[in-house]
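The structure under discussion is supplied below as structure tokens; questions concerning it will follow.
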Amino acid sequence: MTGQSEKFLPQPRPGTETYWNACRQHELLIQRCSECGTHQFYPRIFCTSCSSKAVDWVSASGHGKVLTWTVVRRAVSGAYAADVPYIIALIELQEGPVMMSKVSSCEPESVCAGMAVEVSFEDWSEQVSMPVFVPTTSKD
Ligand SMILES: [Zn+2]
């Protein structure tokens, strides 16, 4: 463990600024191809299904399910020492794309494949809010 006291924060760039600005408003955006309708995440300048450059940002439902996960028990730096243990998972969004994220409000022993989750946001700085997922409590 290093003595680093600050968490690694994403640096919004052209192409991801829209995504991070929406996260700051606690809204999860993904891309949708207006030619073939495919949703995708992470952001790209073209559709991974049909190669069209007509990709737009749309609001994701924020609902998904856990595909697989790992439990981080050893902090990568001092900045994360208070967070361990925590769950990093591949989340399949309702719209289809898979994103890697943290699962919060869930004991490491309780996470399971297929578990329904929904997005939530952790404000990491004035500029950055990080999407995380929590177990779904509603049945919608
Ligand atoms: Zn397409």
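The values are calculated or read from the model by the stated rules, or taken from the named source; none is laboratory data. Treat the numbers as computed from the prediction; the structure is a model and nothing was measured. Here the Cβ positions follow ideal geometry from the backbone for every residue, glycine too, while neighbour counts run over all protein chains shown. With ligands, DNA and RNA removed, areas are computed over all heavy atoms of the protein, side chains included. Shrake-Rupley method; radii C 1.70, N 1.55, O 1.52, S 1.80 Å.
For a quick check, take a GNM of the chain with Cα springs below 10 Å and name the residue from Lys102, Lys53, Lys65 with the largest mean-square fluctuation.
Lys53
Can you pull out the GluC sites (Glu not before Pro) in region 1-86 that DSSP calls coil and that have at most 10 other Cβ atoms within 10 Å? Could the numbers behind the result be given before it?
Working: sites: Glu6, Glu17, Glu27, Glu35; in loops: Glu6, Glu27, Glu35.
Answer by residue number: Glu6.
Continuing with this model, one more query. What number, in percent, do you get for the relative contact order of the chain if the mean sequence gap of Cα pairs under 8 Å and at least 6 apart is divided by its residue count?
24
Here is a further query. Measure out, as a whole number of angstrom, how far apart the alpha-carbon centroids of region 115-136 and region 6-53 sit.
16
Is region 1-79 best put as rounded, prolate or oblate by its Cα gyration tensor, with a ≥ b ≥ c the root eigenvalues, rounded for a/c under 1.5, and otherwise prolate when a/b is larger than b/c, oblate when not?
Judged from the Cα gyration tensor, region 1-79 comes out prolate (a/c at least 1.5, a/b above b/c).
By its C-alpha gyration tensor, with a ≥ b ≥ c as the square roots of the eigenvalues, how is the chain shaped: rounded for a/c under 1.5, else prolate for a/b larger than b/c, else oblate?
Taking the square roots of the gyration eigenvalues as a ≥ b ≥ c, the chain is oblate.
What ranking, highest mean first, results for peptides 69-78, 112-121, 86-95 when packing means the other Cβ atoms within 10 Å averaged over each residue? Intermediate values should be presented prior to the final figure.
On the way: 69-78: 13.9, 112-121: 16.2, 86-95: 18.8.
So the peptides 69-78, 112-121, 86-95, ranked by packing, come out 86-95, 112-121, 69-78.
If you count only protein heavy atoms with a 1.4 Å probe, what accessible area per residue comes out for the chain, rounded to a whole Å²?
Result: 58 Å² per residue.
Another question, then. Report for the chain the percent antiparallel among DSSP-assigned beta bridges with both residues inside it, nearest 5.
That works out to approximately 95 percent antiparallel.
From the backbone phi of region 101-115, what are the Karplus-calculated ³J(HN,Hα) couplings (6.51 cos²θ - 1.76 cosθ + 1.60, θ = phi - 60°) in whole Hz, Gly and Pro given as x?
Each residue of region 101-115 in turn: 7, 8, 9, 9, 6, 8, 5, x, 6, 9, 5, 8, 5, x, 4 Hz.
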